[in-house]
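S.K.: Please see the structure below; I have some questions.
The values are calculated or read from the model by the stated rules, or taken from the named source; none is laboratory data. All of these numbers come straight from a predicted model, not from anything done at the bench. Cβ atoms come from the backbone with ideal geometry, glycine included; neighbour counts cover every protein chain shown. What goes into the accessible areas is simple: the full protein's heavy atoms, side chains included, and nothing from ligands, DNA or RNA. Shrake-Rupley method; radii C 1.70, N 1.55, O 1.52, S 1.80 Å.
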Amino acid sequence: MAKFILFDLDGTLIDGVDDILFAMNDLLAANGHAPLVRHDIEAMLGDGTWMLTKRAFAARGETPTDAMLDELNVDFNTRYVDTDYAYTRLFENAETVLRELKSDGWTIALASNKPEAPCKAILAKLGVADLFSVIAGGNSFEVKKPDGRFLDFVLNQLGFDKSTDTAIMVGDHANDVNAARAAGIHAIAVAMEVDDTRAKSLGADAVVTAYQDMQAAIRKITG
C-alpha cells in the first residue's frame, strides 16, 4: 500500500499574507484605492488570485468586469512576484514534518489554488521544493479546489490507486476538505496561528493547530 499526502500552501504550510498584502495594496493604490489591512486579506484567501483581486476591489467599492479583472489579476501577480516573497515563511516545524513524512515513505505533493509558478518559487526559496513529487497550482488544471477533479489530477500524476492506497489532503480552508471529500480521500484541517473554531467546523477527519501534532493526526487516520 502506497501513502500519498497533499498539502495546500497559503495558511497551511506557509504564512505568506504580508507579501500578498503588500502586492495587493500596491495594485489598489495604482488604481486610486485605500489599502487593506492583514485581517482583510486573510478573509479573502483560498480561491485563487483572480477571486482575491475581485474581493479586494469589491471591498473598496469597485466591481470590475471580468475582462478588467483578468488584467488586474495579471497585474497583481506581477507585483506579487516582484516581492520575491520576502516575508513568506514556513510555519514552525513544517519542514521537519515534511522531511519526516518523506523518510516514512509518504509521497508528498502540493495542491494549491495559487498559480503554479509562485508555488514552485516559494517552495524553492524556502528550501523544501525537493520534497514534493508534484507541485500543482490553480492554473495547472482546468478546475481548482473545491472540485475534487483537481486532486484527482494530482493523484493520477503520483500513481495513486484508490483501491489499495491511502491519500490525505491537508489544508486550512473548506475548499481543501470539500475537494478531499469529492475525491474520496481523507482530510486534515489545519489552523495555524488562528482560532481553530472554523477548522473544527469543516468536517475533516482531524484538526491540527501545530505541526508537532501532525504525525499524531495522520496516525489517527491511518491506524
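S.K.: I'd like the full set of residues that are open to solvent by 10 Å² or more (accessible area, probe 1.4 Å), part of a helix (DSSP H, G or I) and either more than 15 Å from Ala58 (Cα to Cα) or not aliphatic (A, V, I, L, M) (or both), limited to segment 15-44.
M.R.: Across segment 15-44, the qualifying residues are Val17, Asp18, Leu21, Phe22, Asn25, Asp26, Ala30, Arg38, His39, Asp40, Glu42.
S.K.: Still on this structure, please answer the following. Any residue at all in segment 160-168 that is in contact with a strand residue (DSSP E or B) (Cβ under 8 Å, 6 or more places away or on another chain), farther than 28 Å from Phe141 by Cα and either modelled with pLDDT of 95 or more or among the acidic types (Asp, Glu) (or both)?
M.R.: No, there is no match, as no residue in segment 160-168 is in contact with a strand residue (DSSP E or B) (Cβ under 8 Å, 6 or more places away or on another chain), farther than 28 Å from Phe141 by Cα and either modelled with pLDDT of 95 or more or among the acidic types (Asp, Glu) (or both).
S.K.: Does segment 175-199 hold any residues that are open to solvent by 30 Å² or more (accessible area, probe 1.4 Å) and either of a type in the set (A, V, I, L, M) or closer than 14 Å to Ser112 by Cα (or both), and which are they? I'd like the intermediate steps shown before the answer.
M.R.: Let us first name the residues in segment 175-199 that are open to solvent by 30 Å² or more (accessible area, probe 1.4 Å), namely 178, 181-182, 184, 186, 193-198.
Those that are open to solvent by 30 Å² or more (accessible area, probe 1.4 Å) and either of a type in the set (A, V, I, L, M) or closer than 14 Å to Ser112 by Cα (or both): Asn178, Ala182, Val194.
S.K.: Now a separate question. Hey, among Phe150, Phe160, Phe141, which residue is crowded, with 19+ Cβ neighbours inside 10 Å and under 17 Å from the mean Cα position of the chain (by Cα)?
M.R.: Values: Phe160 fails: under 17 Å from the mean Cα position of the chain (by Cα); Phe141 fails: crowded, with 19+ Cβ neighbours inside 10 Å.
One residue alone meets the criteria, Phe150.
S.K.: What residue, of Asp70, Asp10, is at pLDDT 95 or above, open to solvent by 40 Å² or more (accessible area, probe 1.4 Å) and of a type in the set (Asp, Glu)?
M.R.: Asp70 is the lone residue from the list that is at pLDDT 95 or above, open to solvent by 40 Å² or more (accessible area, probe 1.4 Å) and of a type in the set (Asp, Glu).
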